[in-house]
1. Can we say residue A:294 is closer than 30 Å to residue A:208 by Cα and in contact with a strand residue (DSSP E or B) (Cβ under 7 Å, 6 or more places away or on another chain)?
2. Hey, can you tell me all the residues within the stretch B:628-656 that are surrounded by 22 or more Cβ atoms within 10 Å (Cβ to Cβ) and not in a strand (DSSP E or B)?
3. Checking residue B:147 against (1) at pLDDT below 80; (2) in a strand (DSSP E or B): exactly one of these is not met. Which one?
4. Go through (1) more than 7 Å from chain B (Cβ to nearest Cβ); (2) modelled with pLDDT of 90 or more one by one and return the number of the condition residue A:3 breaks.
5. Could you check how many residues of the stretch A:514-535 are in contact with a helix residue (DSSP H, G or I) (Cβ under 6 Å, 6 or more places away or on another chain) and away from chain B (no Cβ under 13 Å)?
6. What strands (runs of 3 or more DSSP E) lie completely within the stretch B:942-1044 and have 3 or more residues being surrounded by fewer than 19 Cβ atoms within 10 Å (Cβ to Cβ) and either in contact (Cβ under 8 Å) with a residue 24 or more places away in the chain or over 25 Å from the mean Cα position of the chain (by Cα) (or both)?
7. For residue B:555, which of the numbered conditions (1) over 26 Å from residue A:30 (Cβ atoms); (2) at pLDDT below 95; (3) touching a strand residue (DSSP E or B) at 6+ places or on another chain (Cβ under 6 Å) fails to hold?
């Protein structure tokens, strides 16, 4: 008995009387202080920056662009209120409280934070491989430029942050920069990325940025700068980096030739193969893709940590059965192609059936959604045979988003060289057209409308059309956007869903308001709405 | 490692211990110079067992044995002996040299001098200066509640207990004196010394409870410092009594449960009419409505989905066998219990089943008493979603499913709305979905407590009053979960292409050590009691989970991972969480002549949850009391015979914020993929999981309390009135930071709320011949006001109502906590002119039409801020899910063996957000109330709008968060009504039965409320309380039971 009592008393007293008893450290995660040491750590830190680019968070940027264009309606379930902020965008009636601008803003500044953090932590990494630091910093800068570009085209006036600040309070007092300064920041990062990124990557690194990806993005931004930023936002100077390098037409012409002649890219012989799920996602035509996979077995209905291509499920029809009775993978019937898009395809253009899934030809039954056209995006429509079995089925589609592919670059070249080098311009144009429709479709002369038509049928469903419309002037854009929307067959069963006409509002500049919560969360008066419609 | 002085001193402690051990064996050698003995009986002549006999002013004492006899040694000639026993009036008798004193004790009608458990000790009720409510274990067994905190509802003023749902085994939310924080508002529970939370007391059986004390004010809770901020619930389990004869008792009941009401929803014919009406109102042509005459002919079903979901006459049963007893030096109390409860929904998928075993023993060895409490428990449960808009919730599916959908077709195939071209997303055939559910959770617990009490006064008179107690508590629990997901294809949203098995194991360990030294001393009329203590606490848990697909058996019975054969599908996870607290505390109690009392407490806590900057916190309190009725000037009348005033002030903490909030841990969930084709590989990108805040500190609540205790009519009538004012500040919140920061916001301190209120407890006990009457009334009123929120908006909002309704619960400076936030409505547009005339004239004098898109029959929303548009800024306070007033009324009567108990509970001044219909789904069914009340032309309705398919792009009648969803949900409930009969002992003793009582009990027999949903009682966290998404209702139960003692 004595011994037991003694033991109890001693255990009781000994067990807990040390002051480090309350000093615990986490057993299941690293701390910031020991996480950035090796080159492998650096790779994982850079991965985080790429991840931010691919974040969809319920507001996949290419879908939002398409539903504002004449290519797609918002759609969704029969209520017409599913994803209301998409329906708002479709009507150019976007509230500052809407979560779509908020999520775009969030994704971009998260990416910028991660890029800035990488650039800061790169200094402390124990680098062993020559040139690796330069290359990885260049990749981070490309990605940072991408985020600022998304900010520039969606918001225009935004704060520029290029180093992470010591306290959260410091972020509450950063005024917005003029769009011209934002574009300059983008130019600076892209120019450095152009220098530091490799011309090619080995198979295991596919998905990482190459020099040609940088040059292609530069061209795309140049076109928006010339066609939109200058006339609409009132910028007079050419696109110039902070250091004074000017990215003008000559610069992008050189860059384009570099991509086309030296990049080693080639058009996939059959257009259908590009979007065939059985094929490798990274073809000879892909210059820069957002990589998605089912490997992560994601399941995050919050939307931030979804690592498959969540957008896929949005495109599919609801509760559909094929003619033979088999069920299709469940979709949400968003971003349904317009009749106007369907009719844009020339007779015999095989791209129509690669782009548009026609329910009336393929389905025995489905639950019709809002703004039902009977058409669905075929490029990214969910395929039941590829539905992942790990994680949430909706979250783990492995199809990449082909952000920049050679056909796009060729058509941009065709546009940019249209007057300066008509032969080269026509050649680029015909390459794309012939690949799809054969030699018979070859044209002998083209104008800007031909290029626009070709871009639309070649790239539809990929999120580019809206920006092409916007950069051709608001009159042109409004004409296409409004009339394309109202191009509804008189006998359409869903005609009531189009009762309200769509009116493009030039006062919005086709852009987003600064998120209201962001204005509230910084110091009073620091963030302002500069776009007239949102003031 | 730095060691504390305590540890350094352990060698001298050891010496002392040895010394004490040795001394114990020589105790008997002390001369028994002066012994007093006698017998204690009650006024009917029965001997009383377990009466405490103490030499006044000392700790020298004993208890009466099985024959009511006592012997007490070392009694000075001029000593006064005090005799006390629960339920009897205490007596003090001067020895006057006698060696034999026989006593007759009278039953008391008041409880002024009963002992109340306080932190690390107990105190006479009349001397208490804080605010402590006590509930006797016998009160708890008057309902068949499964969780013992549930049974506290209405028993104590100021403790608001809300059932989260009627699901068996469901957690209950307990709020002591309002809601003080945006975070965790649950009180701290201490079960026989082991700190735990409301989830952790599931193993306790109400018949095992001796008493529950609720420490409501800061001064009482301050002894638990860092975790007393939401109040403390002390639970003491039954111990045997010394010299008590061996008692065996068997308590059992069996009952049936039913829903107390169902909702009136449309049948098939009305449903089809409603769908057609809505379609036409939404612009459909009459020949294009969903249910044309031709189609109606094809519809053969009229399913009452609620009835399909209900499990009527659900069973509930309980059996408890307890043994208690004691010898002169030891006591024991043991019980074995079994409880099983079926849920009133989802037969086979909602039940709770519990076995428990308890053994409490003590043994005295001279100056030392060693005790142990052991609990073993196993709980098995299966549950369905209890209050959820989306998957899994049972009632929301039943309410929304079209009645035209059958459960099964004639060929045995499950039916779904999709078959009728009415895909409804998450909503589908709930009976079919339940048939695919195969999961079970088993919790096994072992809780052990060993302690040793040293009474140095038994050793040397000079040390009289000095006691040391060391206590060690240990809890191990294992929560084992296993599920089997079969292959099924109900509809495209509800299907599973490959079967899988999941097993999860969670191990929880929790221990604490308390060492306390107490010293009690009287100098004349001055009584002083000192307490010094030390406590260390740790809890940690480790989990392991695995999932694997392609199972070779298609049933739950064989759902083990080894039967799953797809190696690539294996997913595993496991984590570890750790938390420690190190504390020192002290208390001084002083009273003069039991007339003037004062107490001061301080506790210092160190917690692993905070960084070095703020690791330690100090929690002081002071309190004082004055028993006015003991003053000479107080008139000695029976009309007012007791009067006491007391006041207290103190500070408590709250550290319930999860672990490592102060440092920046790394997240590796920034996943991306590189590599083409077969070279693709996943990279788990890293970034800090959030911005760190090394200066994070405790949430602190500061509370003042003033109270009056009154006794009238010779204490037949007692009353206690408490007034309090409680300010909780430095909430631990994640204040929004600009997204410009690029990472998640840090946890910071900020925000405060004031709760103030008044509590009343009244008791009336009267005995008239064979009739005993006991009436108890409790009532509490609480008012809260948010004082500060540390963000630019001065607002926190969250909480989702119906589909697409977010931010419906709000914290705002100057407003009560957690109110419902939405638009005000002003009836229905009756005419086109009404729409045109619904304008605001803005500051420039321009008239602005507010709802240009509206049509007659649509809802009128109010532009409360008159800015010419409807926006979030027009949303206002629409009510609160938290009651202003709660009260209980307990009526007990016994007469010649017949006992009757009635208990009412009421919560007044609360609202509920009713989000039962999925308005985003046009084919959802309607309640009859909304359907019949709908607007159908001028003057037909000014409340419910016209039916529309959906209205998101037009007026948002049912999408807009508005007062149309908010209902007054004040209610009163006859919680229990019991009628029992105890057979005369003369009869039962013939068959060796000491006591035999049979009873019938009804629970929730009457509910008085205007709330039209399932149940007005909807608990939850601060951002989910009071939102009804088809809450699992409380059952109405009829129980038959018996108590037998041998």
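1. Values: closer than 30 Å to residue A:208 by Cα: yes; in contact with a strand residue (DSSP E or B) (Cβ under 7 Å, 6 or more places away or on another chain): no.
For residue A:294, the condition - closer than 30 Å to residue A:208 by Cα and in contact with a strand residue (DSSP E or B) (Cβ under 7 Å, 6 or more places away or on another chain) - is not met.
2. B:655
3. All conditions are met except number (2).
4. Result: residue A:3 fails condition (2) only.
5. The total comes to 2.
6. Details: elements: B:966-968, B:971-982, B:995-1003, B:1007-1009.
Because the criterion is at least 3 residues that are surrounded by fewer than 19 Cβ atoms within 10 Å (Cβ to Cβ) and either in contact (Cβ under 8 Å) with a residue 24 or more places away in the chain or over 25 Å from the mean Cα position of the chain (by Cα) (or both), the strands (runs of 3 or more DSSP E) in the stretch B:942-1044 that meet it are B:971-982, B:995-1003.
7. Evaluating residue B:555 over (1) over 26 Å from residue A:30 (Cβ atoms); (2) at pLDDT below 95; (3) touching a strand residue (DSSP E or B) at 6+ places or on another chain (Cβ under 6 Å) leaves (3) as the failure.
For (1) over 30 Å from residue B:58 (Cβ atoms); (2) surrounded by 20 or more Cβ atoms within 10 Å (Cβ to Cβ); (3) at pLDDT 95 or above; (4) in contact with a helix residue (DSSP H, G or I) (Cβ under 7 Å, 6 or more places away or on another chain), each residue gets a yes or a no:
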| position | (1), (2), (3), (4) |
| --- | --- |
| B:449 | no, yes, no, no |
| B:453 | no, no, no, no |
| B:480 | yes, no, yes, no |
| B:495 | yes, no, no, no |
| B:527 | no, no, no, no |
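The values are calculated or read from the model by the stated rules, or taken from the named source; none is laboratory data. Computed from a predicted structure; not experimentally measured. As a convention, Cβ positions derive from the backbone with ideal geometry for all residues, glycine included, and neighbour counts pool all protein chains shown.
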